[in-house]
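The values are calculated or read from the model by the stated rules, or taken from the named source; none is laboratory data. Computed from a predicted model, the values in this text were never measured in an experiment. Note: ideal-geometry Cβ built from the backbone for every residue, glycine included; neighbour counts use all protein chains shown.
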Amino acid sequence: MASQDWFDKDFYKVLGVDKGVSEAELKKTYRKLARTYHPDSNPGDAAAEAKFKEISEAYSVLSDAEQRKEYDELRAMGSGARFTAPGGGGGGFDDVFSRFTQQRTSTPGDFDDIFSMFSGGGGPGFGSGRFGQSTGGYRGFGGPSRGADVRARTTLDFTTAARGETITLQGEDGRPFKVKVPAGVADGQKIRLRGRGRPSPDGGENGDVVVEVAVRPHPVFTREGLNVRVTVPVTFTEAVFGATIEVPTLGGETVKLRVAPGTPSGRVLRVKGRGIVTSKGTGDLLAEVQVAVPAHLDERAREALEAYREAESRENPRADMMAKAQQ
């Protein structure tokens with residue numbers, strides 16, 4: 001926009017609103033006008049395109065609080081003024097802008113210094129800086145709003161979330177759409193589908209579809225980052241004498257683990273590379289050994305344990321804990 005147009009154009013009149021219009025009403029009015037005059041809705045109509053540019057210019061200024069304030073001040077200060085060459089009579093350039101140039105000595109050709117206050121130092125002209133800055137939209141004019149995001153929620157079983165899968169969800173319009181769930185998606189994580197949300201009301205970008213994922217707990221496995229943890233019961237004799245046991249994995253197959261003699265409850269045995277596999281890395285399987293206490297003993301087993309109790313060391317396994325508790 002040329003500098004003279006700051007005074008010649010009435011942005012409020014262009015949009016058909018009062019000077020005290022609220023931000024919400026301004027946006028509502030602009031969207032309605034933009035839909036009416038957008039070039040996509042009026043192909044080949046030069047008048048409609050010109051009108052669209054005009055309302056976009058107006059909205060780009062009035063929708064920004066700081067730009068709107070500067071515009072209102074300029075209009076109030078220079079209403080009816082015209083730029084004239086030095087010596088041409090009437091209200092001159094320096095008279096109109098004197099309040100903005102008190103700290104500089106302007107010459108008739110010093111336009112850049114004056115306009116830098118409105119354009120961030122970029123020289124005269126609309127769109128070169130803060131005042132009248134282009135905010136995108138059709139050919140750089142105006143600022144069409146982005147479409148709204150659509151939010152959805154899905155619940156996945158533990159294995160599906162770990163492996164990843166393409167699932168089908170139903171959109172707001174009842175039509176199905178596919179979502180690629182990446183391997184290793186976690187409970188509460190969001191998947192964003194760019195441009196799949198609601199369309200812009202005035203020709204801007206579509207919104208996104210944001211899918212929040214809930215993951216059902218697994219009866220056997222839990223997750224720690226990319227690692228998968230499983231609690232593995234072993235018998236008393238397996239823990240005492242050692243044993244080779246089978247442990248399930250997330251993939252369904254089993255792996256063999258060696259339990260060393262004298263393994264206590266709580267010891268974790270690690271199986272490398274058998275956790276969650278993602279593009280960012282691969283986790284491990286963490287097998288936590290838990291010594292199982294038999295709930296029922298037959299007579300022979302009871303007699304054997306009684307004999308063991310008589311033979312076992314009288315050392316108190318809690319003595320070290322009790323001593324430390326007194327420190």
I'm told Gly273 meets every condition in (1) modelled with pLDDT under 90; (2) within 29 Å of Gly184 (Cα to Cα) except one. Can you identify the failing condition by its number? (1)
With Ala186, Ala214 as the choices, which residue is of a type in the set (A, V, I, L, M, F, W, C) and outside any strand (DSSP E or B)? Ala186
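Picking from Leu286, Leu257, Leu305, Leu297, which residue would you name as being of a type in the set (A, V, I, L, M) and within 40 Å of the chain's Cα centre (by Cα)?
Leu286
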Is it the case, given these coordinates, that Thr244 is in the same structural domain as Gly275 (by TED's automatic domain parsing), out of contact with any helix residue (DSSP H, G or I) (no Cβ under 8 Å at 6 or more places or on another chain) and free of Cβ contacts under 8 Å to residues at least 12 places away in the same chain? no
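Would you confirm whether any residue within region 169-183 is of a type in the set (Gly, Ala, Ser) and more than 21 Å from the chain's Cα centre (by Cα)?
Going through region 169-183, the residues of a type in the set (Gly, Ala, Ser) turn out to be 171, 174, 183.
Still in the running and more than 21 Å from the chain's Cα centre (by Cα): 174.
Yes, there is a match, as at least one residue in region 169-183 is of a type in the set (Gly, Ala, Ser) and more than 21 Å from the chain's Cα centre (by Cα).
Among the residues of region 162-175, what is the count of those that are modelled with pLDDT under 85 and assigned to a strand (DSSP E or B)?
At the first step, the residues of region 162-175 found to be modelled with pLDDT under 85 are 170-175.
Okay, now just the ones that are also assigned to a strand (DSSP E or B), so 170.
So the count comes out to 1.
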